[in-house]
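Enquirer: Below you will find the structure I want to go over with you.
The values are calculated or read from the model by the stated rules, or taken from the named source; none is laboratory data. Quick caveat, the model's predicted, so the values are computed rather than measured. Here Cβ is always computed from backbone atoms with ideal geometry, including for glycine, and neighbour counts include all displayed protein chains.
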């Protein structure tokens, strides 16, 4: 078996000077099917049934060749559930044969021993299993009883097969108080990485907005994450904040600082070093972005290189300047570096990127002025994959009464 | 698939930020002040490197002057390792405490700070041996000048007089016993302590002048409380432009004490580890946190000056 991603000196997703200048899509996230065996309440793509015209095996193999030519170094296959596609092992092997790392993100509900064996044989190096809380919360939010147990079993199977096992967790109102205990379970399960990200107001999450955190919740969330990060490191678990966890503030150097402590968030990666592919060949700068606004084209119509290099839907972050920002982000001290954080998180709230209230620095700055922000849903999502509704941003006094349902009680040990 | 020619392109490499030497948060190149902690950023990198070397020289000089080896002090452990970093939640900000051992070393290398800390250590021993509050007070009053107390000798004389001496005698037991004991005090006792402080400040003295005495008499609980530290911890007073600036009055005593003692309890393990490895003086965890507060709220601005002392 080839050297695993986590034991290489330079991780494939690490971005260096040439990668910036050449804008290489070093990391590809590929939804190889929308077919899914879970019914998650926060699913942005509303996964369940396969897309009407998903790519054929031959078309997928061509995509793999094109990704390698563009300089992609790691491909993460997702779904839906990637393993529900019949030829998934063929694709894994082709990715590895093309010289790229291959990993998978999964809910793990039906990741059987046979499927794990086949994937490992094909060269799958790492698996990240989704755990969105302890058993009751996870099963509830994933819409299937028993999905927590299945996910833990999948973790164990992948670990036994020699893969690097990781966990990814969405942080929402129900999972936030459970994070400390969840981390214990993750460590017990032998996971080495724990990617966390905020649940975002897309797809089914718009139908269930009561699960979403409010921006002001970051004031309690971020110190808790920092404590968990430190505790995890001591016990061999690396917490990896996703792209919508940030930005700057007291903990930036902790989780993005690297060995020198000086590395930091450098802006939304969509279309700069990340590329997202949908199962029907639609190409976006990030797999999470809403399709209607950010589809640069389809590989059935154009080459991947053309879509990557020449379409505004993929180049929007390369050309973004402070002038494209608005609201608090426009005048922020870090505006030129941060450029309003995760485009996805903001676009699905307000219909455009450039003003991100889910920012720890911003929350702290507002708190100094006795203020906080809340988002309030004013329009539903239409009900299609990667759809979104509309939210309004409310600025209010920090000591204004907290609406019912927004109070999150943290465990005493971390409060 | 018919694709048009692709445009050649070189894209922007994002700017690299530096770390504020005070709060260790990211700052833009060329910033004059840190947006997070307000620390001045005028010192250039080479000057800082030079300052670090000079600090080491100061430490060596102190080691030569004072025949005191850290590891020979009671409670020291050769196995103890100072923490590289730890987190403290303060009402005004989350505080990422970095390089604590080095910062404590820098501070104790200042002659006045060193003698003050030795004095606090001696007064602790005197307390254990049963010396009365008023006797310890008499020794603590002039020692408070070592750290720029602005209380002149007539005020010290008045503090030793009958009525105010009784205020000290009542106040000191209320703050003795450490941070947990303070936080467990009933509200009426806390308010009583605040009133005693107000009485001691009645002639125009500020909180820091009283605190610099209390921090000698009850170093396990009370911080020095210069305005820079009060601003850093509570945000209740403006960040001072000069170290000797005084706006924090007796009304800031309770908020500062509560926030400080909670922070000590919160960070007890890393603070104990720092104390165990600190050379030259015996420190309580509260003293260690207080000295680090001084460093990050004000001392960092003095790095070039600190470097000149040796």
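Enquirer: For residues that are part of a helix (DSSP H, G or I) and more than 10 Å from every other protein chain (Cβ to nearest Cβ), scanning just region A:209-219, find the one that is nearest to residue A:251 (Cα to Cα).
Expert: A:218
Enquirer: A follow-up question, please. Kindly list the number of the only condition in (1) touching a residue at least 24 places away in the same chain (Cβ under 8 Å); (2) within 23 Å of residue B:289 (Cα to Cα) that fails for residue B:242.
Expert: Against the list (1) touching a residue at least 24 places away in the same chain (Cβ under 8 Å); (2) within 23 Å of residue B:289 (Cα to Cα), residue B:242 comes up short only on (1).
Enquirer: Could I ask something else about it? Return the residues of region B:198-213 that are assigned to a helix (DSSP H, G or I) and within 20 Å of the chain's Cα centre (by Cα); say none if nothing qualifies.
Expert: Once the filter is applied, which keeps residues that are assigned to a helix (DSSP H, G or I) and within 20 Å of the chain's Cα centre (by Cα), region B:198-213 yields B:207, B:208, B:209, B:210, B:211, B:212, B:213.
Enquirer: For region B:245-309, which fully contained helices (runs of 4 or more DSSP H) count at least 1 residues that are at pLDDT 90 or above?
Expert: Filter on region B:245-309 gives B:253-266, B:268-277, B:285-297.
Enquirer: Has region A:290-313 got any residue that is within 18 Å of residue A:198 (Cβ to Cβ) and either modelled with pLDDT of 95 or more or crowded, with 19+ Cβ neighbours inside 10 Å (or both)?
Expert: Yes: one or more hits.
Enquirer: Give the residues of region A:357-393 that are closer than 29 Å to residue A:203 by Cα and loosely packed, with under 15 Cβ neighbours inside 10 Å, sorted by residue number.
Expert: Listed by number, the residues that qualify are A:376, A:378, A:379, A:380, A:382, A:383, A:384, A:392.
Enquirer: Now a separate question. Among the residues of region A:347-362, is there at least one that is at pLDDT 90 or above, part of a loop (DSSP other than H, G, I, E, B) and within 13 Å of chain B (Cβ to nearest Cβ)?
Expert: No: zero hits.
Enquirer: Same structure again: Can you confirm whether residue A:91 is farther than 22 Å from residue A:153 by Cβ, in contact with a strand residue (DSSP E or B) (Cβ under 6 Å, 6 or more places away or on another chain) and assigned to a helix (DSSP H, G or I)?
Expert: Here the answer is no, as residue A:91 does not meet what is asked.
Enquirer: What residue, among those in region A:255-269 that are within 7 Å of chain B (Cβ to nearest Cβ) and touching a residue at least 12 places away in the same chain (Cβ under 8 Å), is farthest from residue A:287 (Cα to Cα)?
Expert: A:264
Enquirer: Assess whether residue A:396 counts as being surrounded by 12 or more Cβ atoms within 10 Å (Cβ to Cβ), away from chain B (no Cβ under 14 Å) and part of a strand (DSSP E or B).
Expert: In short, yes.
Enquirer: Sticking with this structure for a sec: Return the residue satisfying two criteria in turn: it lies in region A:302-315 and is farther than 14 Å from residue A:66 by Cα and either part of a helix (DSSP H, G or I) or out of contact with any strand residue (DSSP E or B) (no Cβ under 7 Å at 6 or more places or on another chain) (or both), and of such residues it is farthest from the other protein chains (Cβ to nearest Cβ).
Expert: A:313
Enquirer: Could you give me the residue pairs with C-beta distances under 7 Å whose first residue belongs to region B:1-24 and is within 7 Å of another protein chain (Cβ to nearest Cβ) and part of a loop (DSSP other than H, G, I, E, B), whose second residue is modelled with pLDDT under 80 and surrounded by fewer than 15 Cβ atoms within 10 Å (Cβ to Cβ) wherever it lies, and which are 6+ apart or on separate chains?
Expert: B:10/A:21; B:11/A:21; B:13/A:17; B:13/A:21
Enquirer: Quick check on region A:349-357. Is at least one of its residues at positive phi and in contact with a helix residue (DSSP H, G or I) (Cβ under 8 Å, 6 or more places away or on another chain)?
Expert: Yes, region A:349-357 has at least one match.
Enquirer: Given the conditions (1) buried (at least 20 other Cβ atoms within 10 Å of the Cβ); (2) under 19 Å from the mean Cα position of the chain (by Cα); (3) in contact (Cβ under 8 Å) with a residue 40 or more places away in the chain; (4) within 30 Å of residue B:99 (Cα to Cα), and given that residue A:272 satisfies all but one, which numbered condition is not satisfied?
Expert: (4)
Enquirer: Residues being within 14 Å of chain A (Cβ to nearest Cβ), part of a loop (DSSP other than H, G, I, E, B) and at pLDDT below 80: count how many of those fall in region B:74-90.
Expert: Qualifying residue count for the region: 3.
Enquirer: A further question on this structure: Exactly one of (1) within 28 Å of residue B:237 (Cα to Cα); (2) surrounded by fewer than 17 Cβ atoms within 10 Å (Cβ to Cβ); (3) in contact with a helix residue (DSSP H, G or I) (Cβ under 9 Å, 6 or more places away or on another chain) is unmet by residue B:169. Its number?
Expert: Unmet condition: (1).
Enquirer: Taking the options B:224, B:207, B:214, name whichever one is in contact (Cβ under 8 Å) with a residue 60 or more places away in the chain and either within 26 Å of residue B:133 (Cβ to Cβ) or buried (at least 20 other Cβ atoms within 10 Å of the Cβ) (or both).
Expert: It is B:224.
This table checks each residue for (1) at pLDDT 95 or above; (2) within 14 Å of chain B (Cβ to nearest Cβ).
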site	(1), (2)
A:4	no, no
A:7	no, no
A:17	no, yes
A:29	yes, no
A:38	no, no
A:48	no, no
A:57	yes, no
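Enquirer: Kindly list the number of the only condition in (1) facing chain B (nearest Cβ under 10 Å); (2) part of a helix (DSSP H, G or I); (3) under 17 Å from residue A:345 (Cβ atoms) that fails for residue A:293.
Expert: (1)
Enquirer: Within region B:91-113, work out how many residues are within 14 Å of chain A (Cβ to nearest Cβ), over 24 Å from residue A:234 (Cα atoms) and either at pLDDT 80 or above or in a helix (DSSP H, G or I) (or both).
Expert: Residues in region B:91-113 being within 14 Å of chain A (Cβ to nearest Cβ), over 24 Å from residue A:234 (Cα atoms) and either at pLDDT 80 or above or in a helix (DSSP H, G or I) (or both): 2 in total.
Enquirer: Here are the criteria: (1) in contact with a strand residue (DSSP E or B) (Cβ under 7 Å, 6 or more places away or on another chain); (2) over 30 Å from residue B:11 (Cα atoms). Tell me which single one residue A:202 does not satisfy.
Expert: All conditions pass for residue A:202, except number (1).
Enquirer: Here's a follow-up. With the requirement that a residue be facing chain B (nearest Cβ under 9 Å) and in a helix (DSSP H, G or I), what does region A:330-346 give you?
Expert: Scanning region A:330-346 gives A:336, A:337.
Enquirer: If you don't mind, there's one more thing I want to ask. Would you pick out the residues in region A:316-329 that are part of a helix (DSSP H, G or I) and either under 19 Å from the mean Cα position of the chain (by Cα) or surrounded by fewer than 18 Cβ atoms within 10 Å (Cβ to Cβ) (or both)?
Expert: A:322, A:323, A:324
Enquirer: Give the residue, chosen from A:267, A:246, that is modelled with pLDDT of 90 or more, assigned to a loop (DSSP other than H, G, I, E, B), within 18 Å of residue A:362 (Cβ to Cβ) and out of contact with any strand residue (DSSP E or B) (no Cβ under 9 Å at 6 or more places or on another chain).
Expert: A:267
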